[in-house]
1. If you scan segment 75-93, which residues turn out to be touching a strand residue (DSSP E or B) at 6+ places or on another chain (Cβ under 6 Å) and over 15 Å from Ala51 (Cβ atoms)?
2. Quick one: is Gln64 at pLDDT below 95 and under 30 Å from Thr130 (Cβ atoms)?
3. Could you list, in sequence order, all residues of segment 205-235 that are without any contact (Cβ under 8 Å) to a residue 40 or more places away in the chain, outside any loop (DSSP other than H, G, I, E, B) and among the aliphatic types (A, V, I, L, M)?
4. Looking at (1) in contact with a Pro (Cβ under 7 Å, 6 or more places away or on another chain); (2) in a helix (DSSP H, G or I), can you tell me which one Ile190 breaks?
5. Please go through segment 1-17 and pick out each residue that is in contact (Cβ under 8 Å) with a residue 60 or more places away in the chain and either of a type outside the set (Phe, Trp, Tyr) or more than 19 Å from Ala245 (Cβ to Cβ) (or both).
6. For the structure I just gave you, tell me whether Cys88 is part of a strand (DSSP E or B) and either among the polar types (S, T, N, Q) or surrounded by 15 or more Cβ atoms within 10 Å (Cβ to Cβ) (or both).
7. Determine if segment 15-38 includes at least one residue that is surrounded by 21 or more Cβ atoms within 10 Å (Cβ to Cβ), in a strand (DSSP E or B), in contact with a Ser or Thr (Cβ under 6 Å, 6 or more places away or on another chain) and aliphatic (A, V, I, L, M).
Amino acid sequence: MRIPLIAGNWKLNKTRSEAEALAKAVVEASRGVTHAEVLLCPVFTSLETVARVVAGSNVKLGAQDVYWEEAGAFTGEVSAGLLKDIGCTHVIVAHSERRQFFGETNETANRKVKAVLKNGMTPILCVGETLAEREGNKVEQVVTEHMRGGLAGLSAGELAQVVIAYEPVWAIGTGKTASPAQAQEVHALIRRLLKELGGEEVAAAVRIQYGGSVKPDNVKELMGMPDIDGALVGGASLKADSFAALLKF
């Protein structure tokens, strides 16, 4: 049984005091939630603050990015070991904005996935196509390349520990959302690729989130699809009431 994972990706938002207040509200809203796992991914500067707030609750802490080396002359980077030390259990890898603005490739994503796993945390590998790629009928090609590249060299046991987040780039922050049927079609493709890469048991166990303008008014229908196992939420995670509403899908 795949327990849905509802993750709030706060992106470049919230001061420490704002993050503390929002995290406290999410912890309160998450009391008694057993049908889903709840995860918050604040900016690096607020990780320690949010870690203190969620300690002892059923809300988990994640980071928005990571570097694959453990230590060294890598100015501005943060390693998986440092993220684990501060209390992270999950790390988002290769978000479309990292690919679009910061040069993330399938190769660097793969290194990051391996570094996160090596440190006993869960990588959330993001995959998904742009509008031009969708209109060019390249969805399957792009998602397959993201999957095969990002997960290259992993054993079946390692694959089973990964979360995949499908993000149609054209639906992120635009207000557009892939229809439940469109999302399910790609999630089913990802499930088939997981079977090829790790076998039937791995494919059945791995959670595949949907990310792209998830809101309280569409989350229930999306979550009703057989291969959608949670949501990677951007804008709707920045307000306690809307994120709390998502948890009631």
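The values are calculated or read from the model by the stated rules, or taken from the named source; none is laboratory data. The structure presented is a predicted model; accordingly, all values stated were derived computationally and were not measured. Glycine gets a Cβ as well: all are built from the backbone with ideal geometry, and neighbour counts include every protein chain shown.
1. Of everything in segment 75-93, those that are touching a strand residue (DSSP E or B) at 6+ places or on another chain (Cβ under 6 Å) and over 15 Å from Ala51 (Cβ atoms) turn out to be Glu77, Ser79, Ile92, Val93.
2. Details: at pLDDT below 95: no; under 30 Å from Thr130 (Cβ atoms): yes.
Against the criterion (at pLDDT below 95 and under 30 Å from Thr130 (Cβ atoms)), Gln64 does not qualify.
3. Passing the criteria: only Val219.
4. Of the numbered conditions (1) in contact with a Pro (Cβ under 7 Å, 6 or more places away or on another chain); (2) in a helix (DSSP H, G or I), the odd one out for Ile190 is (1).
5. To start, the set of residues in segment 1-17 that are in contact (Cβ under 8 Å) with a residue 60 or more places away in the chain comprises 2-11, 13-14.
Scanning segment 1-17 gives Arg2, Ile3, Pro4, Leu5, Ile6, Ala7, Gly8, Asn9, Lys11, Asn13, Lys14.
6. Working: part of a strand (DSSP E or B): no; either among the polar types (S, T, N, Q) or surrounded by 15 or more Cβ atoms within 10 Å (Cβ to Cβ) (or both): yes.
The answer is no for Cys88.
7. Within segment 15-38, one or more residues are surrounded by 21 or more Cβ atoms within 10 Å (Cβ to Cβ), in a strand (DSSP E or B), in contact with a Ser or Thr (Cβ under 6 Å, 6 or more places away or on another chain) and aliphatic (A, V, I, L, M).
Here's the yes/no breakdown for (1) within 15 Å of Leu194 (Cα to Cα); (2) touching a Phe, Trp or Tyr at 6+ places or on another chain (Cβ under 7 Å):
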{"position": "Ala73", "(1), (2)": "no, no"}
{"position": "Cys88", "(1), (2)": "no, no"}
{"position": "Arg111", "(1), (2)": "no, yes"}
{"position": "Ala115", "(1), (2)": "no, yes"}
{"position": "Ala132", "(1), (2)": "no, no"}
{"position": "Thr144", "(1), (2)": "yes, no"}
{"position": "Met147", "(1), (2)": "yes, no"}
{"position": "Gly157", "(1), (2)": "yes, no"}
